[in-house]
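Heads up: the structure comes next, in structure tokens.
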Amino acid sequence: MSTTTNEANKALKPYAGDDERYTLLNGAVVRARQEHDALEEELADLYAQVCTVRKDEDIIHLNAHVRILNERVKHFMTEWSAHIAWEKTELFPYAVWYLETEPDLFTLMEQDYGLAERFIGSFLNTLEQSVLPISPEEAKALASYLLQAYAFLKNRLNEEEEIIETLEDHSNVYSY
């Protein structure tokens, strides 16, 4: 490591206990990247399934696609909720510490998630109360809830991506 890098490291790490924090931050960034990529892929699959439901006019196929979509949405929400809980307790506190920013930075992201969760809840509740078989018109209405949720979740993932990239860029500059 160069002298300049050592000086930068000393400036960033004023306390001996910070070494552990940097190690934990690095682990959190790696985990965030892995989870983010998996959630991004799962969200893209959901979007594709929503588009299939919106286009299908055959009642039998349509209802089979809606059942598949329902299961995928539930699975996604389980994964997403676990990710969000982990972010709140581990990633975001380290990001606030490392980037020396205010915790309010993540408030808008939480609001996006809250709105997405409401749209997904509306999808699930409406589907649960629907009379089967679901008509193409009803399926399109159900899908519209998920398209709204998709927009908020996609925005949230883009914001997370920016945070992950910032943390990776900073940690690479200082060899963490």
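The values are calculated or read from the model by the stated rules, or taken from the named source; none is laboratory data. As the structure is a computational prediction, the values presented were derived from the model and not from experiment. As a convention, Cβ positions derive from the backbone with ideal geometry for all residues, glycine included, and neighbour counts pool all protein chains shown. Heads up: the accessible areas ignore ligands, DNA and RNA and are worked out on the full protein's heavy atoms, side chains in. Shrake-Rupley method; radii C 1.70, N 1.55, O 1.52, S 1.80 Å.
Taking the range 124-146 only, how many residues are touching a residue at least 40 places away in the same chain (Cβ under 8 Å) and either on the phi > 0 side of the Ramachandran plot or open to solvent by less than 50 Å² (accessible area, probe 1.4 Å) (or both)? Lay out the reasoning, then the answer.
Kept after step one, since they are touching a residue at least 40 places away in the same chain (Cβ under 8 Å), are these residues of the range 124-146: 124, 127, 132-136, 139-140, 142-143, 146.
From what's left, either on the phi > 0 side of the Ramachandran plot or open to solvent by less than 50 Å² (accessible area, probe 1.4 Å) (or both): 124, 127, 134-136, 139, 142-143, 146.
Final tally of qualifying residues: 9.
Name every residue in the range 24-60 that is of a type in the set (Asp, Glu), surrounded by 14 or more Cβ atoms within 10 Å (Cβ to Cβ) and more than 18 Å from the chain's Cα centre (by Cα), in order of residue number. Walk me through how you get there before you give the answer.
Residues of the range 24-60 of a type in the set (Asp, Glu): 35, 37, 40-42, 45, 56-58.
Cutting the leftovers down to surrounded by 14 or more Cβ atoms within 10 Å (Cβ to Cβ) gives us 35, 40, 42, 56.
Residue satisfying the conditions is Asp56 alone.
Name the pairs: first residue in the range 42-53 and farther than 14 Å from Ala64 by Cα, second residue open to solvent by less than 50 Å² (accessible area, probe 1.4 Å) and hydroxyl-bearing (Ser, Thr, Tyr), Cβ to Cβ under 9 Å, at least 6 apart or on different chains?
none
For the range 80-96, name all the residues that are of a type outside the set (Val, Ile, Thr) and surrounded by 14 or more Cβ atoms within 10 Å (Cβ to Cβ). Spell out the reasoning first.
First pass over the range 80-96, keeping only residues of a type outside the set (Val, Ile, Thr): 80-83, 85-88, 90-95.
Scanning the range 80-96 gives Trp80, His83, Trp86, Glu87, Glu90, Leu91, Phe92, Pro93, Tyr94, Ala95.
Suppose the filter is closer than 18 Å to Ala38 by Cα, hydrophobic (A, V, I, L, M, F, W, C) and open to solvent by 30 Å² or more (accessible area, probe 1.4 Å); does Ala64 pass it? Talk me through it step by step, then tell me what you get.
On the way: closer than 18 Å to Ala38 by Cα: no; hydrophobic (A, V, I, L, M, F, W, C): yes; open to solvent by 30 Å² or more (accessible area, probe 1.4 Å): yes.
In short, no.
Please name all residue pairs, on different chains or six or more residues apart, with Cβ atoms under 7 Å, provided the first residue is in the range 103-119 and is over 19 Å from Tyr145 (Cα atoms) and the second residue is in a helix (DSSP H, G or I) and aromatic (Phe, Trp, Tyr).
Listed pairs, sorted by first residue: Phe106/Phe92.
Where residues in the range 147-162 are open to solvent by 30 Å² or more (accessible area, probe 1.4 Å) and of a type in the set (A, V, I, L, M), which of them is farthest from Ser81 (Cα to Cα)? So that I can check it myself, show each step before the final result.
To start, the set of residues in the range 147-162 that are open to solvent by 30 Å² or more (accessible area, probe 1.4 Å) comprises 147-148, 150-152, 154-155, 158-159, 161-162.
Keeping just the survivors that are of a type in the set (A, V, I, L, M) gives 147, 151.
Numbers: Leu147: 19, Ala151: 17 Å.
So, considering only residues that are open to solvent by 30 Å² or more (accessible area, probe 1.4 Å) and of a type in the set (A, V, I, L, M), the one farthest from Ser81 (Cα to Cα) is Leu147.
Suppose we filter Leu69, Leu99 for residues that are touching a residue at least 60 places away in the same chain (Cβ under 8 Å) and in contact with a His (Cβ under 9 Å, 6 or more places away or on another chain); which single one remains? Can you show your working first?
Values: Leu69 fails: in contact with a His (Cβ under 9 Å, 6 or more places away or on another chain).
That would be Leu99, the only listed residue that is touching a residue at least 60 places away in the same chain (Cβ under 8 Å) and in contact with a His (Cβ under 9 Å, 6 or more places away or on another chain).
Would you tally the residues in the range 25-59 being within 30 Å of Ala139 (Cβ to Cβ) and among the polar types (S, T, N, Q)?
Going through the range 25-59 one residue at a time, the tally reaches 2.
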